[in-house]
Every structure is written in structure tokens, then in C-alpha cells.
Amino acid sequence: MSDSKPEQVEPPIALLAELSHRCPLRCGYCSNPLELTRASAELEPDDWCRVMREAGELGVLQVHFSGGEPTVRQDLEQLIAHARQHDLYTNLITSGVLLDAPRIDALYRAGLDHVQLSFQGSEAKAADVIGGYFGGHAKKLEVAKLVRERGIMLTLNAVVHRRNLHQVDALLELALELDAHRIEIASVQYNGWARRNLAALLPTQEQLEDLMKTLDAARVRLLGRLVIDFVPPDYYGLRPKPCMNGWGRQFITINPAGLVLPCHSAETIPGMTFDSVLERPLEDIWYRGEAFSRFRGTGWMQEPCRSCEFREQDFGGCRCQALAVSGDVTATDPVCEFSQDRGKIDALIAAAVAEPDAPYLYRGGS
Ligand code: SF4
Ligand code: FES
């Protein structure tokens, strides 16, 4: 095997550290794999600390501590301090329900730069139903206040779907009230458990049009006060999103057991081999690992992507979606209007919106 780095491969910008799949919430839109990593198989603190050093040496700029619920790990402060020691910007993606003032103080002292706090809605009762955790919304309000009192940057994360899209204006107001810097309104990505809830969660075209009007007006009204980011629902677009900004281009994910993944759903792809941080240095995995090389660039593409003028913009869309809907991981993302399988997406939309009362299935098994 050559030791040289492949030409045109830059270091990753961000590392998603999935510390644990354990989570007190049971959201039906969870995109974690159906088969969760057991607590006994999670990486040890020393391994994560070494990963932070290797990430800094590789050139990673930001670490996102996520899960499941990352605050279940009592070594989180130690990992944040290690990340900071290696010049990494630290972001905690959390439901907040396990946090209190002493723990937030400890995280702050460790050097935590930013918190992304998830909200299931703008109103307590409905939000708690969506998350499957009674009292969760009230707790999040408290945590947001504690975070801002310590001067930590705050983003509100709101995953939106058919059951809460009408609350987007109220969520924007909530972000202002809580003194957040940014709100990320992200449509459900139908991977992992969320795929089982497609019929219960996919918005209608009309809902989506109303949402776009709400967001356009809010961006004007709140300019300079709140950054509003929006992740649209894939299925209604004519072109796919550039998933992960291109496979193996900017992002690296490490699952709770230490497997290094090009995207957090990559384990759904059969026949792929993923390296472990326990067996191979991160730099080697990024530049030379089989999984990262598999769909990097455009050389792997079939038609119509191969000769398409947009191939360097969307990189053929999402591999996991191509596999899930077309049954072929190398196919054009079926969301694309040029895909021969676009009809399958339209059929999924039609089936989902024809079932407005589809049951909402809670995530289990954590
Ligand atoms: Fe993107 Fe491929 Fe569709 Fe072209 S054909 S727009 S590259 S997904
Ligand atoms: Fe895996 Fe898009 S979620 S490539």
C-alpha cells in the first residue's frame, strides 16, 4: 500500500464523534441505525482522547460531540478539554435533558465553545409527545438559559415534519427569547429509524410551500438578529442535496464503537468494510481507507451522473438514499429528476400523504 496522499484530497473540516447511542428520548425521526451500539462496546476515554489528538494532527477544525445523547458519557468534559488542547472547536449536540447547572459549568470549564440544543416543537405538551419524554421541553428551556448565562454560543436545532411544521414561526420566536445565535430547521432525513415513519412524518407539498414563505419573511425580519439555516426535505426537490458535501470530502464520522464512517448511515451499505480507530490511524483511514475511497470524487459514477454538468455540485446526491430506494448504491440519487427511479420517490410521496393518520412509531432499544 502506498503511503502517499491521494492528490486533490483535502483534510476533513469536521469530525462527528458519536459518543454513545444511548438516549433518554425516543424520537420517531431518529436517523441512527436500527441496530444500536451497546454501551459495553463503546470506546474507552483514552481511545477518544487519542482520536482528538489524531484529528487535530489531521487538520480537522471542529468536533461535534453527538450520539444518541453524548452527555450520558461522564468523560465528556475530558474529551472536550482534549479536543481544545489540539486546537479543535468544540460543539455539543444534545437534547439537554440530562444537563444541570453544575454539569454545564464543568463543560464550560473544559472549554466547550458551542451548544446545539434540540427542540421537538415550540409547545411543551406536543413537543414532549414527539420526543417520547415527559418534561423534556421545560428542561430544555432551563438548559438554554444556563448555557447563555455562561456565554456559550447557542444554536436551536429543530427537526421539522408534518406534525410540527406549523410551529416554525413560534420556534423562531423561541430562538430569539432564548438568546440563540442561530436556528437550524432541518427536515427529517429518512434514514435509520426515521424511514419507518415516512408516512407519519413526510410533509405535504402545501405545508412545504407555506414553510418557505414563513422562512423568506423571517429572514428579512430577523436579519442581523438570528441566523436561520434550513435543510429542505429531500423528496420534494428536483435535484438531490450534495450529501455530506461529497463523500470523503469534508466530513468524518466515528461511531460509538470506533468505526470510522464517511456518513453516519454508511453502515447500511452491505459489503463495505469500515476501519476502526482501534486498529488504524485516522489520517491513514481518511486518505487511504477503502470506505472513504469508494465514492470519493466522480470516478465511480454511472450515467446520467457521469456526464452531468452538476456532478461536481451535488456529487450524485446521497449513496444511502440510492441504496434504500433504487437498491443500487452506485445509482444516481433517485430524488434527481434525471434518475430513472424518480418515479419511485413520487410514489413514496403519494403513499405517505395518502395516509395522514399513519401511526407514529417511537424509537426503541436504547
Ligand atoms: Fe446530480 Fe447526478 Fe442528477 Fe446530475 S444526474 S443532477 S450529477 S444526481
Ligand atoms: Fe449516507 Fe447520504 S446519508 S451518503
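Bear in mind these aren't lab numbers, they're just calculated from the coordinates by the rules spelled out. Keep in mind the model is a prediction, meaning the values are calculated, not measured. Note that we place each Cβ from the backbone using ideal geometry, even for glycine, and neighbour counts take in every protein chain shown.
Give the relative contact order (percent, whole number) for the stretch 181-244; include only Cα pairs under 8 Å separated by 6+ residues.
Relative contact order of the stretch 181-244: 60 percent.
May I ask you to derive the relative contact order of the chain, considering only C-alpha pairs under 8 Å and at least 6 residues apart, and to give it as an integer percent? Before the final figure, lay out the partial values.
On the way: 696 pairs, mean separation 73.0, N = 366.
Relative contact order, the chain: 20 percent.
Using amide H atoms built in the peptide plane, which far-off residues or other-chain residues are under 5 Å from F230 H to H?
Here the answer is I185, since their amide H atoms fall under 5 Å of that of F230.
Spelling out what I want: for every residue of the stretch 252-261, take phi, set θ = phi - 60°, compute 6.51 cos²θ - 1.76 cosθ + 1.60 (Karplus), and round to whole Hz; glycine and proline get x.
The phi angles translate into 9, 10, 10, 7, x, 8, x, 6, 9, 10 Hz.
What list do you get for V160, V325, V231 if you sort them by fewest beta carbons within 10 Å? Write down the numbers at each step before the final one.
On the way: V160 26, V325 23, V231 14.
Fewest to most other Cβ atoms nearby, the residues stand as V231, V325, V160.
Give, rounded to the nearest 20 debye, the magnitude of the charge dipole that the stretch 223-293 has about its Cα centre when Lys and Arg contribute +1 at Cβ and Asp and Glu contribute -1 at Cβ.
The calculated dipole for the stretch 223-293 is roughly 380 debye.
Quick check for me: using +1 on Lys/Arg Cβ and -1 on Asp/Glu Cβ, what's the dipole size of the stretch 198-330 about its Cα centre, in debye to the nearest 20?
300
Treating only the Cβ of Lys, Arg, Asp and Glu as charged (+1, +1, -1, -1), what charge dipole size does the stretch 8-116 show about its Cα centre? Round to the nearest 20 debye.
Here the stretch 8-116 has a charge dipole of around 280 debye.
At 222 nm, what helix-only mean residue ellipticity would the chain give, in deg cm²/dmol to the nearest 500, using -39500 (n - 2.57) for each DSSP H run of four or more?
My calculation for the chain gives -9000 deg cm²/dmol from helical runs alone.
Expressed as a fraction of 2.2 N^0.38 Å, the rule-of-thumb size for a compact globular protein of N residues, what is the C-alpha radius of gyration of the chain?
Expressed relative to 2.2 N^0.38 Å, the Cα Rg reads 0.97.
Would you work out the relative contact order for the stretch 107-170, in percent, from Cα pairs under 8 angstrom that are 6 or more residues apart?
Rounded, it is 45 percent for the stretch 107-170.
Among T204, L156, V188, which residue has its Cα positioned farthest towards the positive end of the charge dipole of the stretch 143-217, with +1 placed on the Cβ of Lys and Arg, -1 on the Cβ of Asp and Glu, and the dipole taken about the Cα centre?
The residue sitting most towards the positive pole is V188.
I need the peptides 221-228, 26-33, 326-333, 100-107 ranked by packing, meaning the mean over residues of other C-beta atoms within 10 angstrom, with the highest value on top.
Ranking the peptides 221-228, 26-33, 326-333, 100-107 by packing returns 26-33, 326-333, 100-107, 221-228.
Through the Karplus equation 6.51 cos²θ - 1.76 cosθ + 1.60, θ set to phi - 60°, convert the phi angles of the stretch 66-74 into ³J(HN,Hα) values in whole Hz; use x for Gly and Pro.
Calculated HN-Hα couplings, in order: 9, x, x, 10, x, 6, 5, 7, 6 Hz.
Specify which residue in the list A83, G297, G121 is farthest towards the positive end of the charge dipole of the chain, using unit charges on the beta carbon of Lys, Arg (+1) and Asp, Glu (-1), about the Cα centre.
G121
Total Lys pairs in the chain closer than 23 Å by alpha-carbon, pairs eight or more apart in sequence or interchain only?
5
Of the options S40, C27, G56, report the single residue whose Cα projects farthest towards the positive end of the charge dipole of the stretch 23-65 (beta-carbon charges: Lys, Arg +1; Asp, Glu -1).
C27
What translational diffusion coefficient, in µm²/s and rounded to a whole number, does the Stokes-Einstein relation yield for the stretch 83-186 at 20 °C and a viscosity of 1.002 mPa s, taking the hydrodynamic radius as the Kirkwood radius over Cα pairs?
Numbers: Rh = 14.0 Å.
Result for D is 154 µm²/s.
Quick one: if you take sqrt(5λ) for each eigenvalue of the C-alpha gyration tensor of the stretch 216-366, what semi-axes come out, biggest first, whole angstrom?
28, 21, 20
More than 19 Å apart: what percent of Cα pairs in the stretch 1-69 qualify? Spell out each step's value before the answer.
On the way: 1156 of 2346 pairs.
That tail contains 49 percent of the Cα-Cα pairs.
Computed on alpha carbon atoms, what radius of gyration and Dmax characterise the stretch 154-301, expressed in Å?
When restricted to the Cα atoms of the stretch 154-301, Rg and Dmax are 18.4, 52 Å.
The stretch 1-75: which GluC sites (Glu not before Pro) are DSSP loop and have at most 15 other beta-carbon atoms within 10 angstrom?
E7, E35
Can you say what percent of the DSSP beta bridges in the chain, counting only those with both residues inside, are antiparallel? Round to 5.
Among the beta bridges of the chain, antiparallel pairing accounts for roughly 10 percent.
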